[in-house]
Amino acid sequence: MKNLMLLFIVAWACCIQAGYAQTTVYLQNWLEGEKHAINGEFAESMKYYQKAYQAVAKTDPVRAANVCNDMSSASYGDGLYDQALRYCYRGLAHTKNRASVPDSIFFKLYSSLGTMYNEMEHRDSSYFYFQSADAVLDRTPIVENQIPIYVLHHYLHQGRAFWKFHRYHQSIIYFSKAKSLCQNHKLTNDLQYVESSLAEVYDLLGQPQKSLVFRISAINHISSNNDELEKLYTGIGYTYQQLNQIDSALIWLKRARNVSISQSLENKAVKKQDIRLLLLLGHCHSSIDDFKNAEYFLDLAESQLATTTGNSAWVRANINIEKGRNSLKRKNYNTAALYFENAFQNTCYNRDITNFFNLILPEIGLNALYLKGYTYHQKFNTSGQITDLLLAYETFKKLIILKKTAYQEGINDAEERYTLSKEGINIFSEAIPIAYTLYQIKKSPKILNQLFEWFEQANTSYLNDAISNKNLTRENLPAALQAEEQKILKEKARLIEKSDPSSAEYQEKLNELRLRWYKFSQKLNKSNKTSALSIRPKEIQNQLDPGAAFISYKWYGDHIYTFIITRDTSRLEVLPVNAKRLQNNLDHLEGQLRHNPGFGKYSGTEAAIDCYRLLVEPLKKWVSGKNRLIIARDWRFNFLPFELLETGKKTHDYLTRQYAFSYTYSAAYFWQHPSLAQKSGQSATRSSLIVAPFINQLTTEVTKGWAPVADLDDLDDMGGEKLWAEGATKQAFLDKVQGQHVLQLATHARSADNNPDDSFIQFYPGGDSRLYLSEIYALPLQDTRLVILSACSGGEGMSKKGEGNISLAHGMVQAGCPSVISTIWEANNEVTAFLTKTTYQYLKKGIPVDLALQRARTDFFDDPVLKKFMHPYYWANLTLIGNYDPVFNTGTGYLWFGIAGVILILAMMLYMMSKRSGNKKSGHTEPDDH
């Protein structure tokens, strides 16, 4: 392998230097330097590179720049990053004002600078130079053929740079590009490292089964290099440890250790790898409570670290974490907390860290903070000392602030945001119970406000970021960026529609599009800094309707933490639950609702009553007298329409008869949506658009394979501009969607649970007729007050921790609309048409959205023709997500309420006047008010 690589490098060197005088001194020294560098003897290689450089420094700028890059790589190998940077910049100086310098030289120097800055944790500089190298590849694709090995390592270094900041999907894109390059250029010996890198990132994503596939595959590409063999065995051991198969992990780790012992630890790279292996051995022994062996391996790692030069922060932090875990298991809480604090400090530039990107090792630093907070909580459970609880609370508070700053860059990339949100759930499941316990002791309004803020952040505040970002940036988005955005989205839609998702070609093209989207979002973020939507309980109390209550649920173990806010109260209650019983009830109800029962019997009553008793009845004290409930559901029951819950007091005593419901991702989304400020006082004459491709009376050859969804008579009754039959094309919709006050989509749709990106809304068939979820996210709905999505399964989708249900309705929400009425599961066309038509009629009268939907459902119950559809599968399907304020203020919607109020006041005045008159006649007087 080494000889082949050397021959390739020599051949390439000769090619790029054609036309320049070749000197024997240069070539001899350069080749000797390469031999030592390939063997990891970087100090020795530097001696020869220096001689080669002196031979051409004044006469041959291309060769001089090239050997500067080699000296930079050797310095990098020795961990001398400042020196490596100086050589890169010296190389760039040789290229200044030289028109004949090949692009391959620029690529190498830019990529090296990106790598060095990444190692030095200078994130912005690293990103700039990596992107500069990418720009060279975009401009001159032949560079990949000229120096494939350099391009390969560019992809690998950039992929690893992304995962430092939890941008795991971006890492996968670059590692996948590296794998394709290996296959295209038959670099089979490098596939082992590439597949190991893919395995590592899947481990970080919490998908060890997928990681193991890459680990085992890498064995087929392993060389006889003992260093690579040790890394591979160690990686397999790590993945088995992630799978909690410790026996298998130890088998592979011992193999790695045997390889390591056979090598010389004088080699710095070998020693560094051996230290990592020792750490993992210590962790595995600790996980099975074998503390003696655990401490042996950790002490051995620490002793080897003492003789190692270069950046040791990663190793020191991990040693401290492992020793902290051992102390925690032994309930030595103070010692454990000290180890975790030391680990955190190992990852910091300084002691005053308030930004995620100021951490040298973010992933390890956040983990150390989490463990420290968890340790103090465990100590409090033993000691009962409030000081321990306060330390736990303050630690999690700091952790959440740091974590929050990591999300800002993921706003425009849905997949990255979902991953980051999922990570946050584990933090809040520990932080919220800690804060609640502290609040119970101190009764501090400040802690209660902090608790509410954490509820909000756990309730998709990152979706709130995305909405805020869209509303603040899109109005002034340059035309060129708008065109770029639409081009990427259209290409992605075509790819999803026409390609086989299981093919390698599909994945490669999808990765390219995601990479282009990432670069586009960077341009967007650079000039537009947004802040998240936020709201405090007091503001909610001031804005709540007197008859409404806001309830937010968080389910952790056998407790459901519940915020209840009304005009009169703001409180946090903890509802004890039997978690298994509640989950069984939810599973049964979901089974009843997901499958069409025909005219079969409904068997969910018992589960619905039990859910009511667990989730609603304990709150009756605070919701008594209310007729409107705004619910922020825990992600585990966000499929559940509370309308179908039953009190059990009489047959089918559904809650929809008592309350009008609206659901929200968070309180901030409901009340602080940036679009709402512009939408007050809209009249019924504002534009509405109804899209209905599949009409009962207009079935054609093109649509006869599709079931009709709408009826012409119903559309006539609803009014507004209409796109129907062959006029309801995707392009016609896109041309008219902007600025519409109300949108109704009566059509077919598909929600793909396994891959939300495959979800789409179907327009009139032919050509480009599907609007995919990624395109929905980009719709200009900032001026749209309400979307009625009466497509089948519009609200169904994959449930994401910390994000809610990733559905077509979710897409409309992210596109900027503050209110969406949507189906949750497959819709029955007859029932859905009745409910949407009736709801719309009430909306035009100025009735609030939640009450309009409730009244439509009441009319449905009272309609004798529809009695056959009494199963909740039919009528509980349509729900409101978002704000309930009237869509149309006609001035007549509440006219009679106003008239009644005036009559009541007049009646009271007349009564008082007659009373006073009667008193005077009878000689009585009112007592003075002293």
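The values are calculated or read from the model by the stated rules, or taken from the named source; none is laboratory data. Keep in mind the model is a prediction, meaning the values are calculated, not measured. In this analysis, Cβ positions are derived from the backbone assuming ideal geometry, glycine residues included, and neighbour counts consider all displayed protein chains.
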Failed condition for ASP716, given (1) exposed (fewer than 12 other Cβ atoms within 10 Å of the Cβ); (2) charged (D, E, K, R); (3) modelled with pLDDT of 70 or more = (3)
inquiry  = Of everything in the range 622-653, what is under 16 Å from GLN854 (Cβ atoms) and free of Cβ contacts under 8 Å to residues at least 40 places away in the same chain? Give them in sequence order.
reply    = PHE642, LEU645, ASP653
request  = Sort out for me the helices (runs of 4 or more DSSP H) sitting completely within the range 43-155 that have 3 or more residues that are under 35 Å from the mean Cα position of the chain (by Cα).
outcome  = 103-119, 123-139
query = Which number in (1) of a type in the set (S, T, N, Q); (2) closer than 15 Å to TYR561 by Cα; (3) modelled with pLDDT under 90 marks the one condition that SER421 misses?
reply = (2)
note = If you go through PHE888, PHE861, PHE834, the only one that is assigned to a loop (DSSP other than H, G, I, E, B), at pLDDT 85 or above and not assigned by TED's automatic domain parsing to the domain that holds LYS601 is PHE888
ask   = Given the conditions (1) within 22 Å of TYR840 (Cβ to Cβ); (2) modelled with pLDDT under 85; (3) of a type in the set (Val, Ile, Thr), which single one is not true for ILE806?
value = (1)
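Out of all the residues in the range 201-215, is one or more touching a Lys or Arg at 6+ places or on another chain (Cβ under 7 Å) and crowded, with 22+ Cβ neighbours inside 10 Å?
yes
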message = Being under 34 Å from the mean Cα position of the chain (by Cα), more than 21 Å from ALA458 (Cβ to Cβ), modelled with pLDDT under 95 and not aliphatic (A, V, I, L, M): is that true of GLY600 here?
response = no
ask   = Which of the residues that make up the range 369-406 are among the hydrophobic types (A, V, I, L, M, F, W, C) and in contact with a Ser or Thr (Cβ under 7 Å, 6 or more places away or on another chain)?
value = LEU369, LEU389, ILE401
request  = Could you tell me whether any residue of the range 530-537 is surrounded by fewer than 19 Cβ atoms within 10 Å (Cβ to Cβ), more than 28 Å from the chain's Cα centre (by Cα) and not aromatic (Phe, Trp, Tyr)?
outcome  = no
query = How many of the residues making up the range 287-326 are in contact (Cβ under 8 Å) with a residue 40 or more places away in the chain and either under 22 Å from ASN367 (Cβ atoms) or basic (Lys, Arg) (or both)?
reply = 16
ask   = Which fully enclosed helices (runs of 4 or more DSSP H) of the range 537-638 have 1 or more residues being among the small types (Gly, Ala, Ser), in contact with a strand residue (DSSP E or B) (Cβ under 9 Å, 6 or more places away or on another chain) and not assigned by TED's automatic domain parsing to the domain that holds LEU448?
value = 579-594, 605-615
query = more than 20 Å from ILE432 (Cβ to Cβ) and either aromatic (Phe, Trp, Tyr) or touching a residue at least 24 places away in the same chain (Cβ under 8 Å) (or both), is that true of GLY591?
reply = no
ask   = Which pairs do you get when a residue that is assigned by TED's automatic domain parsing to the domain that holds GLY739 and crowded, with 18+ Cβ neighbours inside 10 Å, found in the range 755-781, comes within reach of a residue that is basic (Lys, Arg) and assigned to a strand (DSSP E or B), reach meaning Cβ atoms under 8 angstrom, with the pair 6+ apart or on two chains?
value = SER759/ARG750; PHE760/ARG750; PHE760/ARG770; ILE761/ARG770; GLN762/ARG750; GLN762/ARG770; PHE763/ARG770
message = Taking the condition of being among the small types (Gly, Ala, Ser) and under 11 Å from PHE763 (Cβ atoms), how many residues in the range 733-753 meet it?
response = 1
query = Within the bounds of the range 240-251, is there any residue that is in a loop (DSSP other than H, G, I, E, B) and modelled with pLDDT under 90?
reply = no
Residue in the range 171-183 that is of a type in the set (S, T, N, Q), closer than 28 Å to ALA133 by Cβ and without any contact (Cβ under 8 Å) to a residue 12 or more places away in the chain present = yes
ask   = Given the conditions (1) under 23 Å from GLY237 (Cα atoms); (2) at pLDDT 95 or above; (3) outside any helix (DSSP H, G or I), which single one is not true for GLY324?
value = (3)
remark   = For the range 783-799 the number of residues that are at pLDDT below 85 and either surrounded by fewer than 22 Cβ atoms within 10 Å (Cβ to Cβ) or hydrophobic (A, V, I, L, M, F, W, C) (or both) is 4
query = Out of all the residues in the range 817-832, which are surrounded by fewer than 23 Cβ atoms within 10 Å (Cβ to Cβ) and more than 20 Å from PHE642 (Cβ to Cβ)?
reply = GLU826, ASN828, ASN829, GLU830
